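The structure under discussion appears below in the form of structure tokens.
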Amino acid sequence: MARLPILEYPDPRLKKVAAPVAAVTPEIRKLAADMAETMYAAPGVGLAATQVNVHKQVIVIDISEHRDELRVFINPVLLEAEGEAENEEGCLSVPGYYDKVARAARIRLRAQNERGETIEFDAEGLLAVCVQHEMDHLRGKVFVEYLSPLKRTRLAARLRKKHQLAG
Ligand code: K2U
Ligand code: ZN
């Protein structure tokens, strides 16, 4: 397995829309394994292929306490979304920045797993938040785009300063 570099906002490649996966091949399973290693090392509880500059519809998530319950979602489709919940979110592509985002409280998701089997399940809480956050990445959307224009202006200034200092 390999740890992959994570794109940082406002990298324009984070705006690319991911393509469906035609078949769950050994190469797709290797991608998911490398994404999982990258996610655990970050550390994070989710990662979308877009964030490692692979524009395919693959997500890895592990919200378990002992970091031993990896879920791989390929070609995820939101079947149902209801309610609303606001949570503090972060993003491995926007290090050190956290803010509140309102999302659906409960969702029903269909996806393929790493064996190519189609699964359907209901989610709420952190799993629902994370799935929606990662599915946004596959659509080329980063969570800071939900913020007010003022907050986005302040974040942009902060990132410009960070990148100037980095040289
Ligand atoms: O997509 C990513 O950057 C991974 C996020 C997923 C996530 C965002 C918001 C809420 C839940 C999950 C990273 O895991 S951000 C780090 C983190 C870690 C634990 C809980 C929340 C966020
Ligand atoms: Zn993110």
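For this structure, a couple of remarks:
- Residue satisfying all of: in segment 45-68; more than 14 Å from ligand 1 (Cβ to nearest atom) and free of Cβ contacts under 8 Å to residues at least 12 places away in the same chain; farthest from the chain's Cα centre (by Cα) among these: His66
- Any chance Glu84 is away from ligand 2 (no atom under 16 Å from the Cβ) and open to solvent by 50 Å² or more (accessible area, probe 1.4 Å): yes
- Output for segment 137-158, where each listed residue is among the aliphatic types (A, V, I, L, M) and buried (at least 16 other Cβ atoms within 10 Å of the Cβ): Leu138, Val142, Val144, Leu147, Leu155
- Residue pairs whose Cβ atoms lie under 6 Å apart, separated by 6 or more positions or on different chains, with the first residue in segment 140-167 and assigned to a helix (DSSP H, G or I) and the second surrounded by 11 or more Cβ atoms within 10 Å (Cβ to Cβ) and of a type in the set (D, E, K, R), are Phe143/Glu89.
- Considering (1) among the hydrophobic types (A, V, I, L, M, F, W, C); (2) away from ligand 2 (no atom under 16 Å from the Cβ); (3) within 16 Å of Met39 (Cβ to Cβ), the lone condition that Met135 does not fulfil carries the number (2).
- Within segment 1-18, residues that are free of Cβ contacts under 8 Å to residues at least 60 places away in the same chain and open to solvent by less than 40 Å² (accessible area, probe 1.4 Å) sit with their Cβ atoms under 9 Å from residues that are in a helix (DSSP H, G or I) and within 15 Å of ligand 2 (Cβ to nearest atom), at 6+ positions apart or across chains, in these pairs: Ala2/Thr38.
- Yes/no for Arg115 being surrounded by fewer than 15 Cβ atoms within 10 Å (Cβ to Cβ), within 16 Å of the chain's Cα centre (by Cα), more than 10 Å from ligand 1 (Cβ to nearest atom) and at pLDDT 95 or above: no
- Met35 meets all of the listed conditions (1) assigned to a strand (DSSP E or B); (2) under 18 Å from His137 (Cα atoms) but one, namely (1).
- Extreme residue, nearest to Leu7 (Cα to Cα), among residues of segment 50-79 that are polar (S, T, N, Q) and more than 12 Å from ligand 2 (Cβ to nearest atom): Asn53
- Any hit, segment 120-136, residues being open to solvent by less than 70 Å² (accessible area, probe 1.4 Å), modelled with pLDDT of 95 or more and part of a strand (DSSP E or B): yes
- Check on Leu47, away from ligand 2 (no atom under 12 Å from the Cβ), at pLDDT 95 or above and open to solvent by less than 20 Å² (accessible area, probe 1.4 Å): no
The values are calculated or read from the model by the stated rules, or taken from the named source; none is laboratory data. This structure is a prediction, so every number in the text was calculated from the model and none was measured. All Cβ positions, even for glycine, are placed from backbone atoms using ideal geometry, and neighbour counts span all protein chains on display. Accessible surface is based on the protein model in full, side chains and every heavy atom, while ligands, DNA and RNA are left aside. Shrake-Rupley method; radii C 1.70, N 1.55, O 1.52, S 1.80 Å.
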